[in-house]
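> This is the structure, below, for whatever I ask next.
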Amino acid sequence: MISYEFPINERIRTLLRLEHLYNRTIQYVGRDSATDHHAALLGIFEIMEVAGRADMKSDLLQELERQRQALSALRNNPQISEDALERVLIDIEETHCKMLNMTGKFGQALRENEWLMAIKQRVTIPGGACAFDLPSYHYWQQQTAEYRRVDIDGWFNPLLPIKHGLDIVLRLLRDSMRENNYTAKNGNFQQMSGGKTVQLLRVSLPTHLAAVPELSANRYAINIRFVVPSTSGERAKVVDTDVDFGLGYCNL
């Protein structure tokens with residue numbers, strides 16, 4: 001199955017963007033080539049931009065505290081695994097403490113590093129990070145992978161508490177999912193929401209099915225149309241057959 005997630009509000013959209021950036025950056029950090037480490041640095045810059053535009057730390061701290069209180073009330077519930085519940089509560093508490101220990105504006109130490117900010121400014125220009133533009137950066141790229149990784153870890157690790165916080169929130173959100181199976185007649189589906197609050201929708205399709213969902217939703221209705229995937233640049237065509245799919249509703 002292929003799953004497509006659609007955030008319904010800006011807050012969840014930002015968390016999903018950050019999750020994507022963190023996961024991609026972690027992959028590049030773990031590799032050895034200078035090209036991969038350049039991509040890791042670009043990922044760090046993107047994380048700083050996305051997280052810096054929102055009060056991410058405060059928002060996550062409030063949500064973690066809200067979830068801690070809600071989950072604590074489930075203690076001694078015979079339908080809840082006490083071990084699993086305690087693991088989640090410990091994870092929330094540890095992450096909450098790490099985030100509280102983050103001082104200053106998100107990524108402030110990196111913003112005060114003139115060498116990094118010179119690179120950040122140049123990489124916004126196509127081809128702007130060439131050796132003749134940034135000779136000091138070129139020198140850094142010629143060092144060993146271990147040498148570069150020490151620097152990258154020093155820049156990236158202080159940003160990880162935010163990742164741990166959003167990982168918990170998104171995991172709890174996804175775990176809340178209620179999924180039903182539907183059929184889109186001639187590739188189109190509409191469902192009235194009845195004013196119910198939904199933060200994330202997930203559409204699941206068989207991998208072999210040549211269809212991609214396009215979704216729009218508000219408090220009153222969910223509209224999905226399935227289009228034929230194409231890389232030729234032609235205008236998307238709506239699937240002209242019935243499409244069986246799963247629709248998951250997630251809400252904290």
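> For the stretch 171-252, report the accessible area per residue in Å² (1.4 Å probe, heavy atoms, rounded to an integer).
59 Å²
> Calculate the FRET efficiency for LYS185 and ASN23 from the Cβ-Cβ distance with a Förster distance of 51 Å, rounded to the nearest 0.05.
0.90
> Just subtract the alpha-carbon distance of SER204 and ARG219 from 0.36 nm times their residue separation and send over the number in nm, one decimal.
3.2 nm
> Percent of alpha carbon pairs in the chain separated by more than 23 Å?
Value for the chain: 63 percent of Cα pairs lie more than 23 Å apart.
> Please go through the stretch 127-195 and write out the chymotrypsin sites (Phe, Trp or Tyr not before Pro) that DSSP classes as loop and that have at most 11 other C-beta atoms within 10 Å.
Those satisfying the criteria are PHE132.
> Keeping every protein chain present and rolling a 1.4 Å probe, give me the accessible area per residue for the stretch 28-151 in Å².
60 Å²
> Is any residue of the stretch 99-141 close enough, with backbone N under 20 Å, to a label point placed 7 angstrom from the Cα of ARG11 along the Cα-Cβ axis, and if so, which?
Only 99-100, 106 fall inside the zone, counting backbone N under 20 Å.
> Of all accessible surface on the chain at a 1.4 Å probe, what whole percent is carbon and sulfur?
51 percent
> Moving on. Counting only complete DSSP H runs, which helices of the chain cover 20 Å or more along their long axis at the Cα atoms and score a mean Kyte-Doolittle of -1.0 or above?
Once both thresholds are applied, what remains is 10-29, 34-52, 56-72, 82-100, 160-175.
> List the extent of the Cα atoms of the stretch 147-219 along each of their three principal axes, largest first, rounded to whole Å.
Principal-axis extents of the stretch 147-219 (Cα, largest first): 57, 32, 19 Å.
> Still on this structure, please answer the following. For the cross-link pairs LYS98/LYS163; LYS105/LYS163; LYS98/LYS120; LYS196/LYS237, which exceed 21 Å when the distance is taken from alpha carbon to alpha carbon?
LYS98/LYS120; LYS196/LYS237
> Separate question: Hey, if you drop one equal point scatterer on each alpha-carbon of the stretch 75-203 and run the Debye formula without solvent, what base-10 log of I(q)/I(0) do you get at q = 0.13, 0.19 Å⁻¹?
The calculated log intensity ratios at q = 0.13, 0.19 Å⁻¹ are -0.86, -1.13.
The values are calculated or read from the model by the stated rules, or taken from the named source; none is laboratory data. If you're wondering where the values come from, they're calculated on a predicted model, not measured in any experiment. All Cβ positions, glycine included, derive from the backbone under ideal geometry; neighbour counts span all protein chains shown. Surface accessibility is based on the protein's heavy atoms, side chains included, excluding ligands, DNA and RNA. Shrake-Rupley method; radii C 1.70, N 1.55, O 1.52, S 1.80 Å.
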